[in-house]
Amino acid sequence: MKFSLFAHMERISPEDDQKQLYDEFIELCKIADRGGMHAVWTGEHHGMNFTISPNPFLNLVDVARHTEHVRLGTGTVIAPFWHPIRLAGEAALTDIITDGRLDLGIARGAYSFEYERMMPGMDAWEAGQRMRELIPAVQQLWKGNYAQEGEFHSFPETTSSPKPVQQDGPPIWVAARDPNSHEFAVSNGCNVQVTPLWQGDGEIKSLMERFTSACAKFPEMPRPKIMLLQHTYVADSAEDVKLAAEELNRFYCYFGAWFKNERPVDQGLIQPLTEAEIAAHPFYSPEAMERDLVIAEPSGVIERLKKYEALGYDEYSFWIDSSMSFERKKASLERFINDVMPAFA
């Protein structure tokens, strides 16, 4: 099983300096590269200081300047916000600039906050249909001389300009949850990225079962790769485990607030949650975080990840966004590299 880092520029307070946050993001990517991790992933978000990344290709081109070995992945671009010709061309140019290190992760998106601003009136169903039209179009544009009459985009014969360095283009990863998404990915020759949300190891097993069923449904297709994205914290003590669970619980309460899209947002920052609101959340709690996420001392992290490897996951992505301080993120990542990864060498 390979290991990667999933990170964003994460701003949670008006006092946070954006340039400093970006420099810290780059430093985490450099640590991942020096430590022998397989890839760095960063996503696309708009108008949200919670995860700042308006164009992940810009981030990845810069990360390429600071690293030597890691693959560079969009985790993920939001399909409905892209025209297929533009996505094919920008991904191809990024692949050229990064010497063929690009992996292209694509999703339908998750936040109605972004839908309302970028594609007013669009719902999650339409976003998913747009993704299903976009991906085959990008694949064909990389081959060249492709025309489309689609539901969402139509254009005369066109070739991606430029063409990517990698033969057949960068590997495409589809963010999948339901069985239909897994089947779409497998049938189109795409890898799969899954993110368990709040049901722990049971959900991680279920997501793999959906992937396996999709592979069985399309036996003529080579088995793609599947990546597990999970919030992770490698602690230095039992007390540190408890602290990290409290911090990640706060993060998830804010994630839930952004997802519900009901609280006021000012200058890109959501109205702060009160301690009472955090304590009263119906299913997020520090105990649930410790149960469902990977928060443990190194031996406990190794034990959890060995289970995921045995299930058949090809890549485990260390999701480091957590609203923790940079120092705590850095220390956890270094413990992961030094104390956990060698067990999988």
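Since every read-out is calculated from the coordinates, none of them should be taken as a lab result. All values reported here derive from a predicted model rather than from experimental measurement. Cβ placement follows ideal geometry from the backbone for every residue including glycine, while neighbour counts extend to all protein chains displayed.
Below, the figures for the structure above:
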{"quantity": "Cleavage-rule hits, chymotrypsin sites (Phe, Trp or Tyr not before Pro), the range 256-345, DSSP coil, Cβ neighbours within 10 Å at most 12", "calculated": "F283"}
{"quantity": "Length gained when the stretch Q18-K143 is fully extended (0.36 nm per residue, less Cα-Cα span)", "calculated": "41.1 nm"}
{"quantity": "Phi to ³J(HN,Hα) by Karplus 6.51 cos²θ - 1.76 cosθ + 1.60 over the range 256-269, Hz, x for Gly, Pro", "calculated": "x, 5, 5, 5, 5, 6, 10, 8, x, 10, 10, 6, x, 10"}
{"quantity": "Residue among V70, V301, V265 with the largest mean-square fluctuation in a Gaussian network model of the chain, springs linking Cα atoms under 10 Å", "calculated": "V265"}
{"quantity": "Estimated [θ] at 222 nm from DSSP helical runs (n ≥ 4, -39500 (n - 2.57)) normalised by residues in the chain, nearest 500", "calculated": "-14000 deg cm²/dmol"}
{"quantity": "Estimated vicinal HN-Hα couplings, Hz - the range 230-246 in sequence order (Karplus 6.51, -1.76, 1.60; Gly, Pro = x)", "calculated": "8, 4, 9, 9, 9, 8, 9, 6, 5, 5, 5, 4, 5, 4, 5, 5, 5"}
{"quantity": "Loop sites in the range 1-70: GluC sites (Glu not before Pro), DSSP, at most 11 other Cβ within 10 Å", "calculated": "E15, E68"}
{"quantity": "Max mean-square fluctuation residue, GNM over the chain, Cα-Cα springs under 10 Å, options V174, V294, V165", "calculated": "V165"}
{"quantity": "Formal net charge of residues neighbouring P120 (Cβ-Cβ distance under 13 Å; K, R +1; D, E -1)", "calculated": "-3"}
{"quantity": "FRET efficiency, S154 to R117 (Cβ-Cβ, R0 30 Å, nearest 0.05)", "calculated": "0.75"}
{"quantity": "Burial ranking of peptide ranges 74-81, 190-197 (average Cβ count within 10 Å, highest at the top)", "calculated": "74-81, 190-197"}
{"quantity": "Net lengthening on full extension, Q167/S206 (0.36 nm per residue, minus Cα-Cα)", "calculated": "10.7 nm"}
{"quantity": "Placed amide H near T232: partners under 5 Å, 5+ positions off or other chain", "calculated": "W319"}
{"quantity": "Alpha-carbon centroids, the range 167-190 and the range 18-63: separation in whole Å", "calculated": "24 Å"}
{"quantity": "Length-normalised contact order of the chain in % [C-alpha pairs under 8 Å, at least 6 apart]", "calculated": "19 percent"}
{"quantity": "Förster radius 41 Å - calculated FRET efficiency between F259 and S187, Cβ distance, rounded to 0.05", "calculated": "0.90"}
{"quantity": "Within the range 2-344: Cβ-based charge dipole about Cα centre, in debye rounded to nearest 20 (Lys, Arg +1; Asp, Glu -1)", "calculated": "840 debye"}
{"quantity": "Cα-only Debye scattering, the chain: base-10 log of I(q)/I(0) at q = 0.07, 0.09, 0.11, 0.15 Å⁻¹", "calculated": "-0.28, -0.47, -0.72, -1.42"}
{"quantity": "Among G144, G109, G89, residue whose mean-square fluctuation peaks in a GNM of the chain (springs only between Cα atoms under 10 Å)", "calculated": "G144"}
{"quantity": "Dipole of the chain, positive end: most advanced residue of H8, F211, A32 [Cβ charges, Cα centre]", "calculated": "F211"}
{"quantity": "At R0 = 22 Å, FRET efficiency that the Cβ-Cβ distance of L243 and R291 yields, to 0.05", "calculated": "0.85"}
{"quantity": "Net length gained if the chain between F344 and E126 were fully extended (0.36 nm per residue, minus Cα distance)", "calculated": "74.4 nm"}
{"quantity": "Loop-resident sites, the range 185-259, for GluC sites (Glu not before Pro), counting at most 16 other Cβ within 10 Å (DSSP)", "calculated": "E220"}
{"quantity": "Amide H partners (placed H, <5 Å) of D103, local residues excluded", "calculated": "L72, G73, T74"}
{"quantity": "Under-5 Å amide H pairs with K2, H placed in peptide plane, nonlocal only", "calculated": "E315, Y316"}
{"quantity": "Eligible aspartates and glutamates near K217 by straight Cα distance, threshold 19 Å, same-chain separation 8 or greater", "calculated": "D178, E183, E209"}
{"quantity": "Per-residue ³J(HN,Hα) for the range 53-59, Karplus 6.51 cos²θ - 1.76 cosθ + 1.60, θ = phi - 60°, Hz, x for Gly and Pro", "calculated": "6, x, 8, x, 4, 4, 4"}
